[in-house]
Amino acid sequence: MQITTIGLDLAKRVFQVHAVDSSGHTVLVKQLKRSQMHEFFANLTPCVIGMEACASAHYWGRELTRLGHDVRLMAAQFVKPYVKTNKNDAADAQAICEAVSRPSMRFVAIKSVDQQAVLSMHRARDGLVRARSALANQIRGLLAEFGLIMPIGVSALRRQTPTLLDEAGDRLPLPFVHLIEDLLTHMDEQQRHIQAFERQIVQWHRAHPVSMRLAQIPGIGPITASALVATVGDPHLFKNGRQMAAWLGLVPRQHSSGGKPMLLGISKRGDGYLRKLLLLGAHSALLRIRHQPGSGQSWADRLLRRRPVNVVATAVANKHARIAWALMTEQCDYDPALAQVG
């Protein structure tokens with residue numbers, strides 16, 4: 001029995017293995033407990049192992065690569081069409097085994113421990129930012145019930161709420177005032193945690209030359225640059241910058257048939273967090289262009305005269321993604337003169 005390809009369906013406790021030989025014939029269908037994983041693959045001749053890029057996939061990718069196997073991760077959406085029957089662990093493992101052998105399959109780079117660590121900080125920071133926004137909206141809504149209307153923005157809310165509470169005086173019940181003060185204290189604590197995570201991310205960013213190079217692009221700072229480096233992993237998996245922009249969901253979604261091309265809104269595929277950062281950075285770059293005409297990317301300045309701001313911001317984010325791919329693959333610095341060519 002010579003196993004050449006394995007489809008491995010991951011889980012927390014029970015793992016499903018589907019193995020085939022060089023002719024594509026099934027030679028092994030087996031369930032493994034978590035405690036059996038290392039021993040089983042350590043005693044196996046090095047082969048190709050396919051897995052879905054899901055929870056714990058990068059950990060097992062590193063572990064099995066260390067044992068000498070060729071581990072390839074795939075997006076779950078590319079594996080699903082190969083499931084022939086109802087969904088179960090055995091059918092999923094068989095589908096993974098078949099998908100990984102396809103010559104046109106696209107694979108996901110296995111992330112290092114360092115990359116996963118910084119992405120964990122990004123996810124924790126993003127969760128706190130969302131919680132802070134929810135808390136700010138709750139405070140704003142509670143104050144509005146008593147006729148106290150707050151301006152837009154978290155900083156303005158934090159700065160003006162104590163003043164409004166003092167001005168309201170006895171018109172507000174004391175328990176309500178204490179409630180708002182407690183919520184503001186909680187929001188300050190969230191802000192301190194956010195700033196602590198941001199300091200750690202910036203420290204990681206400054207220690208990585210590629211991340212520092214990406215921060216040269218207008219509209220991309222340490223947060224976006226570090227997220228790009230940690231998420232993309234190996235930029236050479238993309239043939240060109242356009243493919244990376246498409247992977248991030250920053251290209252039109254196509255719905256063509258009968259020789260009639262039809263392009264819709266952006267596909268919004270890939271990592272939504274990274275796409276959000278690029279779009280926020282694009283809006284930041286456009287603010288400079290709108291307030292200082294001719295000072296930024298001339299093509300974006302011309303586009304602003306005839307297209308909505310959000311459409312232009314998407315175009316700028318797309319171009320930033322393509323420039324980032326070029327800087328990562330060519331290992332060169334950002335050249336503003338080349339970026340202005342539109």
What number of residues within the range 55-80 are hydroxyl-bearing (Ser, Thr, Tyr) and crowded, with 20+ Cβ neighbours inside 10 Å? 0
Of the residues that sit in the range 249-302 and are outside any strand (DSSP E or B) and of a type in the set (S, T, N, Q), which one is farthest from residue 122 (Cα to Cα)? 256
Does residue 125 satisfy the criteria of being under 30 Å from residue 226 (Cα atoms), outside any helix (DSSP H, G or I) and either under 16 Å from the mean Cα position of the chain (by Cα) or without any contact (Cβ under 8 Å) to a residue 40 or more places away in the chain (or both)? no
Restricting attention to the range 311-332, does a residue exist that is under 15 Å from residue 217 (Cα atoms), in the same structural domain as residue 231 (by TED's automatic domain parsing) and part of a loop (DSSP other than H, G, I, E, B)? yes
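Table: residues versus (1) among the aliphatic types (A, V, I, L, M); (2) over 30 Å from residue 179 (Cα atoms).
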position: 99; (1), (2): yes, yes
position: 104; (1), (2): no, yes
position: 107; (1), (2): no, yes
position: 116; (1), (2): no, yes
position: 119; (1), (2): yes, yes
position: 128; (1), (2): yes, no
position: 137; (1), (2): no, no
position: 141; (1), (2): no, no
position: 145; (1), (2): no, no
Of the residues that sit in the range 1-26 and are surrounded by 14 or more Cβ atoms within 10 Å (Cβ to Cβ) and over 23 Å from residue 80 (Cβ atoms), which one is nearest to the chain's Cα centre (by Cα)? 4
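The values are calculated or read from the model by the stated rules, or taken from the named source; none is laboratory data. All figures in this text were calculated on a predicted structure; none of them were measured in a lab. Counting neighbours? That spans all protein chains shown, and the Cβs are built from the backbone with ideal geometry, glycine included.
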